[in-house]
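Asks: The structure that follows is given in the form of structure tokens.
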């Protein structure tokens, strides 16, 4: 009997809150990422070690992507974007460990990540424009567009969930089916492809997050420019 991919069995309860295997795996991944980053940044040096060189390359790559995509300095967004990318990447790749199902193969994990992007978009939009200015963007170019602009905010967040969930879950299913039918060694090429797919999906998710946040910032910048021109 096959179980629905949307169904999750709780491992235990914290009070009335059920805790599933995906939640526990996510906690473990977060702890591992935090510990690794703490160890790598504990003794930074002007003459970097190999580990520090890799870390600096990763940070500079993220910064460059933020500049290219969002057209802004990465200082305020590096932590969010970098954390999203690393968390999704490691979560996707955790499927290669025996007996581990990646958290991103569960729709509730992907929904939580998409909700973070949704809230971050509103936060940075409000910080850039103010509450009234951000709400006014929903009436652009005319108030008739308010319902469509609201639906757009919801649907693009939903698209993040569906894209990540569908791709990761399908990869897990394919590898599992081939493994059960063909034995241990045959699925190795598929597992290598799963590594590539996991990296691509982590990249796409974070790029879309940058696009959504960058759009809110661009709207704020254009509005500020229009106000300055009108004043002059």
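Asks: Being closer than 19 Å to residue 117 by Cα, free of Cβ contacts under 8 Å to residues at least 24 places away in the same chain and in a helix (DSSP H, G or I) is the filter here; which residues of segment 60-81 pass it?
Replies: 62, 63, 67, 68, 78, 79
Asks: Quick test for you: out of 95, 91, pick the one residue that is assigned to a helix (DSSP H, G or I), touching a residue at least 12 places away in the same chain (Cβ under 8 Å) and under 14 Å from the mean Cα position of the chain (by Cα).
Replies: 91
Asks: Sticking with this one: Could you list, in sequence order, the residues of segment 37-59 that are in contact with a helix residue (DSSP H, G or I) (Cβ under 9 Å, 6 or more places away or on another chain) and either within 17 Å of residue 90 (Cβ to Cβ) or assigned to a helix (DSSP H, G or I) (or both)?
Replies: Residues satisfying the conditions are 37, 39, 40, 51, 52, 54, 55, 58, 59.
Asks: Taking residue 148 and the conditions (1) at pLDDT 85 or above; (2) not in a helix (DSSP H, G or I), which numbered condition does it fall short on, given that it satisfies the others?
Replies: (2)
Asks: Got at least one residue in segment 60-83 being under 16 Å from residue 165 (Cβ atoms) and surrounded by fewer than 22 Cβ atoms within 10 Å (Cβ to Cβ)?
Replies: No, the conditions are met nowhere in segment 60-83.
Asks: Limited to segment 98-125, what total is found for residues that are out of contact with any strand residue (DSSP E or B) (no Cβ under 9 Å at 6 or more places or on another chain) and not in a helix (DSSP H, G or I)?
Replies: Final tally of qualifying residues: 5.
Asks: Read through the list (1) within 30 Å of residue 214 (Cβ to Cβ); (2) exposed (fewer than 11 other Cβ atoms within 10 Å of the Cβ), then give the number of the only condition that residue 40 fails.
Replies: (2)
Asks: What's the total number of residues in segment 96-123 that are crowded, with 23+ Cβ neighbours inside 10 Å and farther than 30 Å from residue 138 by Cα?
Replies: 5
Asks: Given the condition at pLDDT 70 or above, surrounded by 14 or more Cβ atoms within 10 Å (Cβ to Cβ) and closer than 28 Å to residue 87 by Cα, answer yes or no: does some residue in segment 173-185 qualify?
Replies: No, segment 173-185 contains no residue that is at pLDDT 70 or above, surrounded by 14 or more Cβ atoms within 10 Å (Cβ to Cβ) and closer than 28 Å to residue 87 by Cα.
The values are calculated or read from the model by the stated rules, or taken from the named source; none is laboratory data. From a predicted model like this one, the values you see are computed outputs, not experimental measurements. Heads up, the Cβs are rebuilt from the backbone with ideal geometry, glycines too, and the neighbour counts pull from every protein chain shown.
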